[in-house]
Every structure is written in structure tokens, then in C-alpha cells.
Amino acid sequence: MSNTHKDYAGAKLGMWLFLFTEVLLFGGMFVLYAAYLHEYRADFHVGGKQLDVVIGTLNTVVLLFSSFAIAAAITFIQQGKKKLAVNFTYLTIACAGIFVINKTIEWRAKFHHGIWPDSPHLREMSHGENIFFGLYFLMTGLHAVHVIIGAILLSVMVWFMKKDVINQQDFVKLENAGLYWHIVDLIWIFLFPLFYLVL
Amino acid sequence: MSENHEHKHHILSIKTAGIILGLLLMLTAITVAVSRIDLGFMNVAAALALATTKALLVIMFFMHMKYESRFMQGIVFLCFLILAIFIGMTFFDLAYRGG
């Protein structure tokens, strides 16, 4: 199989089709959020006030920077600057690590205050607040899972670059991993104001 | 014929990527600042408008959509249109419920 057929456009299209399912997966949860916000406006406000805006903002900056880093890595691989491409991918993975550490600190603080899904303290709160924190754990949790999967995916890309599977001529794998990473960032762009800054 | 890409691949310059990052960080600062002022319902609208602007910047430049084929742009648009219909229809339902 020395002359393997490569379909660049097909690979890109396939990735986007997968990303559409991700958009609709989170889209469903955003609809749920919006519907309950409509019903429990005041409770959501009280719930949002209990989240840490500083950590939320910090994580936003980390993810935006990581999105830039992976975009830069793709530029560098296309320019044949492999070393820089590898280093910027490492930088993106490091950002993913910082994000997950921050998220862990944040969730631990919540657990410490007796707030976790179906905790006794949460059940004593108003119905709307209970729903707010339910959605908070579900949506930021599922998002964090995506961050971890993204970091693993990017680690594989580093390995591919070192093995020359990804190079200046054939870089669609890195581009597609980058697309996945941007979607993770995209979802956070909406999660951040909806949960941390309500309203 | 199949060894080469059919058309030349556009490479996003580091400078452009840097400018986009700067804009995204600026919009984040604005998002946080605006949320600290009580504008009632306008807070939600402003937050979503700013988030959508940020999302567009990411999709157009970082995700390269500005430089993709019309076909790709079309299906991405369609996907978000479906999401908008999904959310829109839910709100038609919610807004006109009795009680």
C-alpha cells in the first residue's frame, strides 16, 4: 500500500459532520437551560452568584489562548516548522491541563459547600437553584470530559508528528484534531456567560 | 492527479491568529464588564450577542471556515440554522403556554 489514496476534503467533511452531532448534543442542553431560565429566573440568578467568576474568567482566557496555540501549530506544520508545531501542540495540551485543574479546584469547593448532584443541601434549596446546579454539573462536566478527550487526541497528534505521519504535505489529522479543540472552546464561550455571569 | 491538492491550501498567518486572539480576549473583558451592570433582560441579550460574535471569530478564522468551499460553509450554516430552529420553536412553545 505504497500509493494510499488520500481524500483531504472527505476527511474534513467527515470531521465537520461529527462536530455537528456535538453541536446538537450541547444544543439540546442549552435548550434545557434556556427553558428553565425562563421559568426560574430569580433562582438561576442566586445560583450563578455562587459560582466563582475569577476561576471562570481565568478558564475562559486559558481556553481562548489554547485555541490560538493549536491554530498556530497548524500554521507551523503547513510551513514545515515541525518543532514549533509540536511545541505549540504541547502548549495547547498544557492549557487543557490548567483548565482541568481549575475545574477540579472549583468543583471541590462546591462539594465542600455541600453542593453536588442530589446532595441533601441542594435538595433543601429552591427548586430552581437545584435545577441550576444540576445543569451546571451536567454541562460543565460533559464539557470537561471533552477537554480531557481533546488533550488525549492532541497527545496522539504530537506522536504522529514525531513519527512523520503528520507532516508538511499531510496535515489533515492535526487540522481535524484542531477543529475538535475549537468546538470545545466554542461550547465554553457560551457556558461561561450563561453560568458564571447570569444575568 | 491525486498526489497534489486540487487547489492551493490557505494558511492562516500567525499575525491574523494573534489579532483574533486579541479580539477574543477583548470581547471576554467586555462580556464580564457588561455582566456587572444590571440591565435587566438586556444582560442576557448582550451576553449572547457577545458570545455569538466570539463564536463567529473562532469559526471563521481558527476553524478556517472563511477559507473553505461554499459547500462546507453551506452545511455549517445549515447545522446552526437547525439549532436555531430547535431553540426558536421551543421558545414559541414556552412563550405561548397558558398558566
Within region B:43-53, can one find any residue that is in contact (Cβ under 8 Å) with a residue 24 or more places away in the chain, facing another protein chain (nearest Cβ under 9 Å) and touching a Phe, Trp or Tyr at 6+ places or on another chain (Cβ under 9 Å)? no
Go through (1) in contact with a Phe, Trp or Tyr (Cβ under 9 Å, 6 or more places away or on another chain); (2) of a type in the set (S, T, Y); (3) within 29 Å of B:G22 (Cα to Cα) for A:S119 and report which single condition fails. (3)
Quickly run through region A:161-179 and pick out the residues that are surrounded by fewer than 19 Cβ atoms within 10 Å (Cβ to Cβ) and not aliphatic (A, V, I, L, M). A:K162, A:K163, A:D164, A:N167, A:Q168, A:Q169, A:D170, A:K173
Which of the numbered conditions does A:L19 fail, given that it passes all the others? Conditions: (1) over 21 Å from B:K15 (Cα atoms); (2) away from chain B (no Cβ under 12 Å). (2)
Determine if region A:107-122 includes at least one residue that is in contact (Cβ under 8 Å) with a residue 60 or more places away in the chain, within 21 Å of the chain's Cα centre (by Cα) and either within 14 Å of chain B (Cβ to nearest Cβ) or surrounded by fewer than 15 Cβ atoms within 10 Å (Cβ to Cβ) (or both). no
Residue under question is A:K6, and the condition is that it be more than 7 Å from chain B (Cβ to nearest Cβ), at pLDDT 95 or above and over 25 Å from B:A55 (Cβ atoms); does it hold? no
Sort out which residues of region A:141-192 are aromatic (F, W, Y) and more than 20 Å from A:W16 (Cα to Cα), and write them in order of number. A:W159, A:F160, A:F192
From the list B:M65, B:M60, exactly one residue is more than 10 Å from every other protein chain (Cβ to nearest Cβ), surrounded by 12 or more Cβ atoms within 10 Å (Cβ to Cβ), in contact with a helix residue (DSSP H, G or I) (Cβ under 6 Å, 6 or more places away or on another chain) and without any contact (Cβ under 8 Å) to a residue 24 or more places away in the chain. Which is it? B:M60
Positions within region A:133-151 being under 12 Å from A:A96 (Cβ atoms) and small (G, A, S), in sequence order: A:A144, A:G150, A:A151
Quick check: anything in region A:32-41 more than 10 Å from chain B (Cβ to nearest Cβ) and either of a type in the set (A, V, I, L, M) or within 19 Å of A:Y180 (Cα to Cα) (or both)? no
Flag for B:I37 being surrounded by fewer than 13 Cβ atoms within 10 Å (Cβ to Cβ) and touching a helix residue (DSSP H, G or I) at 6+ places or on another chain (Cβ under 9 Å): yes
Are any of the residues in region A:32-39 surrounded by 15 or more Cβ atoms within 10 Å (Cβ to Cβ) and either of a type in the set (S, T, N, Q) or free of Cβ contacts under 8 Å to residues at least 60 places away in the same chain (or both)? yes
By my count, helices (runs of 4 or more DSSP H) wholly in region A:58-169 with at least 2 residues that are of a type in the set (K, R) are A:82-112
Name the residues in region A:29-46 that are part of a helix (DSSP H, G or I) and over 22 Å from the mean Cα position of the chain (by Cα), would you? A:A35, A:Y36, A:L37, A:H38, A:E39, A:R41, A:A42, A:D43, A:F44, A:H45, A:V46
Against the definition (within 23 Å of A:L24 (Cβ to Cβ), in a helix (DSSP H, G or I) and not β-branched (V, I, T)), how does B:F61 come out, yes or no? no
Subset of region B:70-99 that is among the small types (G, A, S) and either in a helix (DSSP H, G or I) or in contact (Cβ under 8 Å) with a residue 40 or more places away in the chain (or both) - its residue that is surrounded by the fewest Cβ atoms within 10 Å (Cβ to Cβ): B:A95
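The values are calculated or read from the model by the stated rules, or taken from the named source; none is laboratory data. Nothing here was measured: the structure is a model prediction, and the numbers come from that model. Note: ideal-geometry Cβ built from the backbone for every residue, glycine included; neighbour counts use all protein chains shown.
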